[in-house]
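As structure tokens, the structure follows; a few thoughts come after it.
The values are calculated or read from the model by the stated rules, or taken from the named source; none is laboratory data. Just so it is clear, the model here is predicted, and its values are computed rather than measured. Glycine gets a Cβ as well: all are built from the backbone with ideal geometry, and neighbour counts include every protein chain shown.
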Amino acid sequence: MGWVEQYLGISFHPGPMLVFGVFVLFGVLGGIIANRISWLPTISGFMALGFLIGPHGLSLVTRGMLHDSAVLTTIAMGLILYKLGCALHPKEMLYSRSLILMALFEVFLCFGIIFYIIRVAGFSMLHAWIVAAIAISSSPAVLVHVAAEMRAKGPVTDRAKSLIAINNFLSFMLFSMAIPYAIGKSGGIAVTNAVAYTVYRFAGAFAAGFLIAWISVRLARMLKPQDEHYRFSIVIGSITLTLGICRMLGFSALLAPLVLGSATRWFETSRHNLSRVTLGEGGDLFFIILFVFAGAKLNPAMVISAGLLPVLLVMARVGGKALGVYAAAKLDQKAEKPRVLSISLLLMPMASMALGLVLTASRIVPDMAREISAVIIAMIAILETIGPIATKEAFLLSGEAGLENEAP
């Protein structure tokens with residue numbers, strides 16, 4: 001077989017390009033099937049076909065192929081986090097009392113309830129902290145894609161985007177606070193060095209996001225009217241450059257794109273709005289890749305082995321966030337039932353951010369991660385399944401579906 005590979009240039013090793021093509025075509029098929037079912041979002045179709053071709057289905061895509069193609073999902077997730085960051089202007093966030101109040105209520109109620117349940121289940125305080133920190137995160141990809149699919153626009157959609165951005169930022173913060181102690185407990189390095197490492201990853205992500213945002217906005221200001229089509233290229237280039245810097249220097253690739261989007265909106269002027277660049281039809285590629293990959297990673301055996309604890313945690317997470325949203329809206333005298341319920345449902349999905357934090361924990365503190373990964377991954381599997389459907393219902397309930405293209 002060696003002479004065939006050497007002289008004919010044939011490689012029997014399936015690389016990322018082959019996986020990319022398989023994911024896209026099967027994902028499109030899943031989307032077409034989902035569109036035939038009125039209540040089913042296309043995301044569910046992407047994931048179902050991903051599971052079918054994945055290592056726990058027909059095994060057309062193996063674990064090794066998924067591992068080799070992880071860069072595809074990294075770029076897709078970076079773009080989605082960037083778009084979410086663009087929805088959050090730092091100054092507007094700080095001056096919005098109702099937004100801060102709602103975010104703090106739903107995050108810390110959810111965190112506290114899950115922390116308590118994990119402790120009662122027999123885990124240590126450190127394990128409980130890490131699980132609760134990961135569980136407060138929400139999926140930006142589900143919200144962004146379903147909103148685009150249903151052409152949803154309005155105050156509920158905007159509030160949900162801002163809350164999810166804050167959720168993920170606080171999730172990363174609380175997770176990062178626990179990692180130094182987890183490293184110290186595992187006997188790897190001293191706690192002081194672990195703290196320094198965590199600060200390095202955190203500060204580096206902020207620095208990379210702000211620097212690339214400043215550069216991209218400066219570049220956009222050089223564009224003339226006939227150069228406007230380059231804005232999309234600037235956005236993609238800034239995201240991939242940020243992710244490349246994070247990979248090279250060990251910064252957090254989950255935080256940096258979020259910072260990049262928020263900083264871009266802060267630095268830009270109304271003349272060249274990079275934060276308003278639309279993805280067009282090509283944007284579907286990123287969502288297809290991300291959710292077909294997520295479906296292929298689903299492992300039913302792991303969900304079953306985790307028992308009933310993930311189910312209880314999912315119920316606690318949904319209830320904690322809903323209670324927090326309601327309490328904050330009540331204090332702010334804006335507790336309209338459809339609005340509160342819609343926002344609560346939009347916060348339900350939990351996927352890529354949580355999975356990214358689990359993978360980070362697996363790399364840094366593998367012994368501890370093994371004890372909690374089954375629980376978190378089972379939660380992700382449940383919420384990835386019901387989350388897109390809940391998101392679609394939330395947009396219908398809010399009355400904001402189909403408003404994006406309507407004249408003001």
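Does D284 count as at pLDDT below 90 and closer than 21 Å to L143 by Cβ? Against the criterion (at pLDDT below 90 and closer than 21 Å to L143 by Cβ), D284 qualifies.
Note on segment 184-268: no enclosed helices (runs of 4 or more DSSP H) hold 3 or more residues that are on the phi > 0 side of the Ramachandran plot. Does any residue of segment 84-98 turn out to be out of contact with any helix residue (DSSP H, G or I) (no Cβ under 6 Å at 6 or more places or on another chain), free of Cβ contacts under 8 Å to residues at least 40 places away in the same chain and hydrophobic (A, V, I, L, M, F, W, C)? Yes, there is a match, as at least one residue in segment 84-98 is out of contact with any helix residue (DSSP H, G or I) (no Cβ under 6 Å at 6 or more places or on another chain), free of Cβ contacts under 8 Å to residues at least 40 places away in the same chain and hydrophobic (A, V, I, L, M, F, W, C). Under 6 Å by Cβ, and 6 or more places apart or on different chains, what pairs join a residue from segment 215-233 that is within 11 Å of L274 (Cβ to Cβ) with one that is among the β-branched types (V, I, T) and surrounded by 10 or more Cβ atoms within 10 Å (Cβ to Cβ)? Final answer for the pair search is S216/I234; L219/I234; A220/I234; R231/V277; F232/V277.
Every condition in (1) touching a Ser or Thr at 6+ places or on another chain (Cβ under 6 Å); (2) at pLDDT 90 or above; (3) surrounded by fewer than 22 Cβ atoms within 10 Å (Cβ to Cβ) is met by S137 except one, and the failing one is (3). Determine whether segment 92-102 contains at least one residue that is buried (at least 24 other Cβ atoms within 10 Å of the Cβ) and over 24 Å from A296 (Cβ atoms). Yes, that holds for at least one residue. Those helices (runs of 4 or more DSSP H) of segment 34-120 in which 2 or more residues are aromatic (F, W, Y) occupy 42-53, 97-120.
In segment 30-59, of all residues being out of contact with any Ser or Thr (no Cβ under 7 Å at 6 or more places or on another chain) and exposed (fewer than 15 other Cβ atoms within 10 Å of the Cβ), the one that is modelled with the highest pLDDT corresponds to I32. Put simply, of S252, S216, S233 the only residue that is hydroxyl-bearing (S, T, Y), out of contact with any strand residue (DSSP E or B) (no Cβ under 6 Å at 6 or more places or on another chain) and under 17 Å from M353 (Cα atoms) is S252. Is it the case, given these coordinates, that I236 is touching a helix residue (DSSP H, G or I) at 6+ places or on another chain (Cβ under 8 Å) and either modelled with pLDDT under 90 or buried (at least 16 other Cβ atoms within 10 Å of the Cβ) (or both)? It is true that I236 is touching a helix residue (DSSP H, G or I) at 6+ places or on another chain (Cβ under 8 Å) and either modelled with pLDDT under 90 or buried (at least 16 other Cβ atoms within 10 Å of the Cβ) (or both).
Quick grid of which residues meet (1) farther than 30 Å from Y200 by Cα; (2) modelled with pLDDT of 90 or more; (3) out of contact with any Phe, Trp or Tyr (no Cβ under 6 Å at 6 or more places or on another chain):
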position: D227; (1), (2), (3): yes, no, yes
position: R247; (1), (2), (3): no, yes, yes
position: T278; (1), (2), (3): yes, no, yes
position: M315; (1), (2), (3): yes, yes, yes
